[in-house]
Every structure is written in C-alpha cells, then in structure tokens.
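The values are calculated or read from the model by the stated rules, or taken from the named source; none is laboratory data. In this text the structure is predicted, and so the values were computed from the model without any measurement. No Cβ is skipped: glycine too gets one built from the backbone with ideal geometry, and neighbour counts run over all protein chains shown.
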Amino acid sequence: MKVEEVALPGVGRKFTITVASGDRLVIVVHNSGKRELQYFEAGEDDEPRAALDLTDEEAREVGAILAGVLFHPEAVGDTQSKLGQKVIEWIKVLPGSRLAGKRVGEIPLPPGAHLLAVDRPGAPLVPNPGPEVVLEVGDTLVVAGTREAVEALKRSL
C-alpha cells in the first residue's frame, strides 16, 4: 500500500491511497471536518467510480470500524504475529479520577499508545474522539498500542 499526502491550502489535506491491486482511494479532509472519499479503479484517472461525502462524526465511525474498534475479526496468519505485540485496554474514569473533566487533547499519550474510542454509558460510542471531547466519570477509554506504552499510560493516570 502506498499513501501520498498533499496540503490543500485553505481547504485541508488530500490523501491518496494506492492498494496492491492498483485501485486508489482519494480522501480529502476539509478544515471543517468534512471528508470526501473517491474511489478510482486501477488505470482510471479521469472520473472516480464512486464518491461519498462524510461528516466528521461519520468519518470517525467508519475509521473505528476499519480499525477494529467496533468489531475485531479473528486474526490469522501474519496478522496474528503482529497483533501479539499489541494490546487493547479499557480504562474506566472513576469518581475522583484526574481524567474527569479533562479534554482528550490534554491526556499525555505516550508514544505507541492510541486512544481508539470513548464509551459513555447511555450514549453512542465516540470512536476516534477529537481533542475537544470532555471526559466524564463513568466513561471508558479504549486504548491500544504496545504493551509498554499502554502500561505507561495506565501508570500516568
């Protein structure tokens, strides 16, 4: 897979993803949060076969699905050996926690740790939460990364 990134001044960023088959997915991330997705079959450069506009929230949900946050298929073959070095942890925000009332952007994530989602009781899952999301008592953070990075995050919290 090949990923190319280009800045679009005044608009946002454009990512072109070329997969092994030669097919391409072009994603334009607007400064407003809107996402444009365009699918090009291998060898076709003029017009996309399909195009889709997503809101910021829709894009985050699709990203969570692709990342395996909402459904994690059984790992097989080479994937299993790569996943063996990674972990996914659920960290609950308890009463009196330093996390309560903090924005996601204020959480010091160690290198190798990634916040995948915030699960809030009685509310839809917040996949790939933006830095503006404020954590509340009862939230559960879904964190993934290397075992060392996730353990370091848990110790810091």
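Assorted remarks:
- Given (1) within 17 Å of the chain's Cα centre (by Cα); (2) surrounded by 17 or more Cβ atoms within 10 Å (Cβ to Cβ); (3) of a type in the set (A, V, I, L, M), number of the condition VAL87 does not satisfy: (2)
- The set of residues in the stretch 11-23 that are of a type outside the set (Phe, Trp, Tyr) and within 18 Å of ASP53 (Cβ to Cβ) comprises VAL11, GLY12, ARG13, LYS14, THR16, ILE17.
Per-residue answers, yes or no, for (1) modelled with pLDDT of 85 or more; (2) buried (at least 16 other Cβ atoms within 10 Å of the Cβ):
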site	(1), (2)
ALA42	yes, no
GLU47	yes, no
ASP56	no, no
ALA64	no, yes
ARG98	yes, no
PRO108	yes, no
VAL118	yes, yes
VAL126	yes, yes
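- Positions within the stretch 124-140 being of a type outside the set (S, T, N, Q) and in a loop (DSSP other than H, G, I, E, B), in sequence order: PRO124, LEU125, PRO129, GLY130, PRO131, GLU132, VAL133, LEU135, GLU136, VAL137, GLY138, ASP139
- Residue list for the stretch 24-41, restricted to those being of a type in the set (A, V, I, L, M) and more than 12 Å from VAL11 (Cβ to Cβ): LEU25, VAL26, ILE27, LEU37
- When the criteria are applied in full, GLY33 fails the requirement of being under 23 Å from ARG60 (Cβ atoms) and in contact with a His (Cβ under 7 Å, 6 or more places away or on another chain).
- Selection count, the stretch 107-137, where residues are within 14 Å of TRP90 (Cα to Cα) and either charged (D, E, K, R) or not assigned by TED's automatic domain parsing to the domain that holds GLY96 (or both): 2
- For beta carbons closer than 8 Å, sequence separation of 6+ or different chains, a first residue in the stretch 138-157 that is in contact (Cβ under 8 Å) with a residue 12 or more places away in the chain and a second that is in a helix (DSSP H, G or I), the qualifying pairs are VAL143/VAL150; VAL143/LEU153; ALA144/VAL150; GLY145/LEU153.
- Filtered residues of the stretch 12-39 (kept if surrounded by 13 or more Cβ atoms within 10 Å (Cβ to Cβ) and part of a loop (DSSP other than H, G, I, E, B)): ASP23, GLY33, LYS34
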